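Student: Okay, here's the structure, questions in a sec.
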Amino acid sequence: MGEKIDPNLWSDGPQPQLMGGKLPSGQIVFPMPVGDAAQGVEPHKLSRRGTLWSWTSQGFLPKEPYEGPGSGPGEGPPDFQPFLIGYVELPGEVIVESRIVDARLEDLHLGMELEFCVVPFNARYDTFAFRPVAAAESQAA
Amino acid sequence: MSENVYIIGAGIHPFGRTDGRSGREQGVYAVREALGDAGLEWPDIECAYGGSAAAGNADIMVNELGLTSLPFTNVANGCATGGSALAASQQAIASGMYDLALAVGFDKHPRGAFNAKPADYGLPEWYGQTGMMLTTQFFALKIQRYMQLHGISRTTLGRVAEKAFRNGTITPHAWRRSPVDLDTIMNAPMINDPLTKYMFCSPAEGAVALILASEKKMRELGADGVKIRAVSVKTRPPNSFEVFQASISIEEGGKPTVLASKAAFEKAGIGPEDISVAQLQDTESGAEIMHMAENGFCKDGEQEEWLANGWTEIGGGKLPVNTDGGCLACGEPIGASGLRQVYENVTQLRGRAGERQVPEKNGRKVRFGYSHVYGAPGLSGVAILERE
């Protein structure tokens, strides 16, 4: 396990959860606001299960501040690893933007059931992602 | 009651790549073109508004144009820089304070996708570090869901790009002047699914200047003016879905484009069916499709039929859209892009668009031109022009 890419992004423990915030109005937001914007906002652990709201693929190496494969010293586009990204609707809470892992582009569809996970990002950091529930269950078996 | 405002001069520096000429120099070029078009000299201009996103402050242009002591306000409003400059100069004249104003936008971006900084948009660093700080992803995520919900095909995305490049071939100020066929567009490398390389516009260079006048001044000069019927700039309402958002509300919110469009139509006292030609923000193919509906020109999903039938082509029967090839063929110099749309409508309404001129329809002259720009962090600008 690497370091968390942001120490406050998800909770620790065997069943980590993304950290959102609950506004005084009851609305759930993600990520948990910081600084003055956090006043009156209660930290709120988000659901580990959700459904796919939209998705896309990232087919080219992002410029800085990207720190994934291909961005390091002496690296370039040939070192880039394309990835999937999407919005995941956490029922009754909020729709969060996330990497989608353990899935192929052609398998993705609206409403697909997904589960939260923590994945290696680069040599130093882990980041968060969602993966198909079916993939999560087959890995557990 | 405010004064009527007219655009009496329009100038453009060709879009694309111009090595050896800075963004601001392109701006100065466009201002001189606009002055020439209006039959004016620089000292005639009473106030100015302008800006760029990546090519420096606009007010420094007085070094080249002349130190006439006019008030020159720099505008820095992202993709809406041009729209905001137009709105400010329109207000300056409508208020009765000035008779002649300049709106100018220019830019010069490095090659490749824009790289925005998370902190500039109130986002945590991890958002950029992990590769989410990309405008192209937002466009793909928005059209992907839209296609699923409203039955838009990938071919329709391709047709939008094909039309843009076709219109670019007959537009002197366009960057991409060669046609690209549908197969090439569809089979090009995928950038962000479902959008291929040819379905995205690229950051570029270019400049546009417009000279605005009061009705009294226009008549005094005997200038060829196009009336500004309405200008509306709106920022996002609660719970909307915009570029650079780590999360979206589960309550579906409004859209800044819908708000700006409705406000502009209301001010103008006309409806979408009255528009003869439209320039809609097309940073990529999907944006043009969604913006057709968000601006009220068709219902969600009808774009499939519109594009299949060529109804948005020049002379296509319903509503010519992006007659100069839009952002797809012209590229996107952020500060100039919104004003390019207005420039194109001025050119069309004056009947000076040459090969790409929109024809009269059923004996009805080309009377109303509509332009729409959208940008981060969720704002839209709409302008409706009228040929009286």
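Student: Please go through region B:165-190 and pick out each residue that is aliphatic (A, V, I, L, M) and either surrounded by fewer than 16 Cβ atoms within 10 Å (Cβ to Cβ) or in contact with a strand residue (DSSP E or B) (Cβ under 6 Å, 6 or more places away or on another chain) (or both).
Tutor: B:LEU182, B:ALA188, B:MET190
Student: Filtering region A:31-40 down to residues that are away from chain B (no Cβ under 11 Å) and assigned to a helix (DSSP H, G or I), which residue is surrounded by the most Cβ atoms within 10 Å (Cβ to Cβ)?
Tutor: Filtering region A:31-40 for residues that are away from chain B (no Cβ under 11 Å) and assigned to a helix (DSSP H, G or I), the one surrounded by the most Cβ atoms within 10 Å (Cβ to Cβ) comes out as A:ALA38.
Student: Restricting to region B:102-124, name every residue that is in a loop (DSSP other than H, G, I, E, B), charged (D, E, K, R) and touching a strand residue (DSSP E or B) at 6+ places or on another chain (Cβ under 8 Å).
Tutor: Of everything in region B:102-124, just one residue is in a loop (DSSP other than H, G, I, E, B), charged (D, E, K, R) and touching a strand residue (DSSP E or B) at 6+ places or on another chain (Cβ under 8 Å), namely B:ARG111.
Student: Same structure again: Name the residue that is surrounded by the most Cβ atoms within 10 Å (Cβ to Cβ), counting only residues in region A:41-70 that are in contact with a Lys or Arg (Cβ under 8 Å, 6 or more places away or on another chain), facing another protein chain (nearest Cβ under 9 Å) and farther than 20 Å from A:VAL119 by Cα.
Tutor: A:SER54
Student: Just to be sure I understand the filter: pairs with C-beta atoms under 8 Å, separated by 6 or more residues or on different chains, first member in region B:347-375 and acidic (Asp, Glu), second member in a loop (DSSP other than H, G, I, E, B). Which pairs pass?
Tutor: Matching pairs, first to second residue: B:GLU355/B:ILE170; B:GLU360/B:VAL366.
Student: Only one of B:ARG219, B:ARG166, B:ARG159, B:ARG229 is more than 14 Å from chain A (Cβ to nearest Cβ), modelled with pLDDT of 95 or more and assigned to a strand (DSSP E or B); which?
Tutor: B:ARG229
Student: Name the residue that is farthest from A:GLY26 (Cα to Cα), counting only residues in region A:77-96 that are acidic (Asp, Glu) and facing chain B (nearest Cβ under 10 Å).
Tutor: A:GLU89
Student: Here is a further query. If I go through region B:330-388 residue by residue, how many of them are touching a helix residue (DSSP H, G or I) at 6+ places or on another chain (Cβ under 7 Å), crowded, with 24+ Cβ neighbours inside 10 Å and among the small types (Gly, Ala, Ser)?
Tutor: Number of matching residues: 10.
Student: Now a separate question. Can you tell me which of (1) among the hydrophobic types (A, V, I, L, M, F, W, C); (2) surrounded by fewer than 20 Cβ atoms within 10 Å (Cβ to Cβ); (3) farther than 24 Å from B:GLU344 by Cβ is the one B:ALA54 doesn't meet?
Tutor: (3)
Student: Identify, from the list B:MET133, B:MET147, the residue that is within 23 Å of B:GLN279 (Cα to Cα), surrounded by 21 or more Cβ atoms within 10 Å (Cβ to Cβ) and out of contact with any His (no Cβ under 7 Å at 6 or more places or on another chain).
Tutor: It is B:MET147.
Student: Here's another thing I want to ask about it. For residues in region B:125-140 being assigned to a helix (DSSP H, G or I) and out of contact with any strand residue (DSSP E or B) (no Cβ under 6 Å at 6 or more places or on another chain), which is farthest from the other protein chains (Cβ to nearest Cβ)?
Tutor: Top of the filtered list is B:THR135.
The values are calculated or read from the model by the stated rules, or taken from the named source; none is laboratory data. This structure is a prediction, so every number in the text was calculated from the model and none was measured. Ideal geometry is used to build each Cβ from the backbone, glycine not excepted, and the neighbour counts take in all protein chains shown.
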